[in-house]
Amino acid sequence: MIPASTRYVRATSLEEALEALAEDDATALAGGQSLVSVMKLRLARPSLVVDIGRLDLAGLDVREGELRIGALTTWADIARAAELRRPALAALAECAAGIGDLQIRNRGTIGGGLAHADPASDMPAVVLALGARLVVRSTDGERVVDASEFFLGPFRSSVGEQELLTEVVVPLPPPGSGSAYAAVDHPASGFALAGAAALVRPDGSRSLALTGVGVRGNAFLLPDDEDPEAAIASAGIYGDRVAPAPYRQQLAVVVVQRALDRARSRAEEDVTWQA
Ligand SMILES: Cc1cc2nc3c(=O)[nH]c(=O)nc-3n(C[C@H](O)[C@H](O)[C@H](O)COP(=O)(O)OP(=O)(O)OC[C@H]3O[C@@H](n4cnc5c(N)ncnc54)[C@H](O)[C@@H]3O)c2cc1C
């Protein structure tokens, strides 16, 4: 289908982008991998498309105990980032490497993926398990949102229409930690039928998050101290024709176990890891 007609502007600075987004019915365009399909289906009919793709918001940086990922960093750049070879941060690269196909990974961005908040998207589980914070900007200034408060429902994130997600900030896990992402994908779309991210720390504590399975439509954290299988059973699992709820629940148990096993073995490698 052909999208409804719209105006287009390419922003040359963050300030210019935010001012353009202040107009009613304006929408940001990053990699276009989700927005363009949604516009073609006429599920979105923005009056103005603000192209943010050339803003200086891409790249990874490790400093002062944090990893900062710019919102325009593509999945491909995350998948091959040297900073993410550290076993404690490996879930980010592992997750990005499995998203879509090469074209999607070369164009799609972490900011677009998280702001779009597709219930079956992969990365929300990873940012939840790693305890990330999301930096959101508007003409009124900056606010920082915990990943646990960022996803509000299917295709609804905390980023308002006149705001931009600019950065994902991940606190560096203590040495001797390991992280992993495991998913069983829909055979046609490649989106997660069930995906799990795990972070294990040297003191034995862990964080687990699931995507693709929740009845409330977004990725969610499992309680830290509960048996994962029992926590999944009481979480409320979504089902459809492709993966009915009892099957998806079983997939969730399997991907959690795979992510945990891989995260634990990576934690051992992290002890001796050298950049
Ligand atoms: C065939 C196909 C397969 C895919 N497979 C997978 C998969 O396996 N796993 C998966 O997780 N995803 C998958 N995706 C989605 C893909 O990851 C997209 O890259 C991602 O959803 C959107 O990123 P984008 O940069 O292209 O955003 P865009 O399409 O440009 O924008 C998406 C939405 O986010 C908003 N937006 C974009 N950037 C920002 C920002 N910085 N701040 C605020 N709002 C912003 C836009 O206004 C728009 O509403 C797939 C997509 C396709 C088309």
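The values are calculated or read from the model by the stated rules, or taken from the named source; none is laboratory data. Everything quoted here is computed from the prediction, not taken from an experiment. Because the Cβ atoms are built from the backbone with ideal geometry, glycine has one as well, and the counts that use them run over all protein chains shown.
Remarks
- Residue within segment 57-66 that is among the charged types (D, E, K, R) and either within 13 Å of the ligand (Cβ to nearest atom) or over 26 Å from Gly176 (Cα atoms) (or both) present: no
- Residue match in segment 168-175 (condition: in contact with a Lys or Arg (Cβ under 9 Å, 6 or more places away or on another chain), surrounded by 21 or more Cβ atoms within 10 Å (Cβ to Cβ) and in a loop (DSSP other than H, G, I, E, B)): yes
- Pairs linking a residue in segment 55-70 that is at pLDDT 95 or above and in a strand (DSSP E or B) to a residue that is among the β-branched types (Val, Ile, Thr) and away from the ligand (no atom under 16 Å from the Cβ), with Cβ atoms under 7 Å and 6 or more positions apart or on different chains, are Glu66/Val170; Leu67/Val170.
- Scanning segment 239-260 for residues that are free of Cβ contacts under 8 Å to residues at least 60 places away in the same chain and surrounded by 13 or more Cβ atoms within 10 Å (Cβ to Cβ) yields a total of 10.
- Restricting segment 42-54 to residues that are in a loop (DSSP other than H, G, I, E, B) and near the ligand (Cβ under 9 Å from one of its atoms), the residue that is modelled with the lowest pLDDT is Ala44.
- Those residues of segment 16-41 which are more than 10 Å from the ligand (Cβ to nearest atom) and either surrounded by fewer than 19 Cβ atoms within 10 Å (Cβ to Cβ) or in a loop (DSSP other than H, G, I, E, B) (or both), in sequence order: Glu16, Glu19, Ala22, Glu23, Asp24, Asp25, Lys40, Leu41
- Consider segment 176-195 and keep the residues that are within 14 Å of the ligand (Cβ to nearest atom) and touching a Lys or Arg at 6+ places or on another chain (Cβ under 8 Å). The one that is farthest from Asp118 (Cα to Cα) is Ala182.
- Breaking point among (1) within 27 Å of Leu57 (Cα to Cα); (2) in contact (Cβ under 8 Å) with a residue 40 or more places away in the chain, for Ala147: (2)
- Every residue from segment 122-166 that is buried (at least 24 other Cβ atoms within 10 Å of the Cβ), near the ligand (Cβ under 9 Å from one of its atoms) and under 13 Å from the mean Cα position of the chain (by Cα): Asp122, Met123, Pro124, Leu165
- Test: residue in segment 2-10 that is under 22 Å from Leu114 (Cβ atoms) and assigned to a loop (DSSP other than H, G, I, E, B): no
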